[in-house]
Amino acid sequence: MKYALRGITAEELTYTINRVKMDKNTKFEIKPQFSRTIRRVQENDKLWFVSLEVKVESTEAEPKPFNLKVRLVGIFEAEDVNTDEDKQVLAISTTEIVYPYLRAAVSSLTANAFINPLMLPVIPAGTMFPEDRGETSFETPEALN
């Protein structure tokens, strides 16, 4: 299997401040939620779109000082993706390529909002999503159809 990055696009970059009243020494627990969608273009079966998204959302139970949503899409050209194992390797590899750009976008967005930049952790791509860790079966790769 061969693959190459053909481009990255920011589909959504949003930041909203929340006026949360808390005690002076209160620390907020920021828990980013990650999601990924992988699509193959029907007209060109060598073209794949890998969408990575991170969200931070305030709730009444867990207030946050801001809401944030960043979604980037990597465009890849891949050949010889024939088996489920090939699809899993492609998913992990392309996630590994796009994720540093997602980290940079989040840091830049929060820094440009004049708050302490949110630095997402370095996460090995093969551990970000349950389907990549082998915790779920890969027999139904809906995200890769």
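Laid out as a table, the results:
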| item | result |
| --- | --- |
| Under 28 Å between alpha carbons - lysine pairs in the chain that sit 8 or more apart or on different chains | 20 |
| Charged-residue dipole, Cβ positions (Lys, Arg, Asp, Glu), the stretch 1-130 about Cα centre, Debye nearest 20 | 640 |
| Carbon/sulfur fraction of accessible area - the stretch 1-69, other protein chains in place, 1.4 Å, % | 44 |
| Compactness of the chain, expressed as Rg and Dmax over alpha-carbon positions, Å | 17.3, 57 |
| On Cα atoms only, tilt of 84-112 relative to the major axis of the chain in degrees | 30 |
| Accessible area in the full protein assembly, largest first, 1.4 Å probe, for R133, R40, R6, R71 | R6, R133, R40, R71 |
| Amide H within-cut-off set for L118, under 5 Å, with H built and near neighbours excluded | T110, A111 |
| Residue order for T94, T59 - accessible surface, 1.4 angstrom probe, largest first | T59, T94 |
| Longest site-free stretch - the chain; sites: GluC sites (Glu not before Pro), DSSP loop, at most 13 other Cβ within 10 Å | 61-134 |
| Rounded accessible area of I97 (nearest 10 Å², 1.4 Å probe) | 60 |
| Residue order for V122, V81 - accessible surface, 1.4 angstrom probe, largest first | V122, V81 |
| Å² per residue, accessible surface of the chain at 1.4 Å | 62 |
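The values are calculated or read from the model by the stated rules, or taken from the named source; none is laboratory data. From a predicted model like this one, the values you see are computed outputs, not experimental measurements. Every residue, glycine as well, gets a Cβ built from its backbone with ideal geometry; the counts of neighbours run over all protein chains shown. We work out accessible area using only protein heavy atoms, side chains counted, and drop any ligands, DNA or RNA first. Shrake-Rupley method; radii C 1.70, N 1.55, O 1.52, S 1.80 Å.
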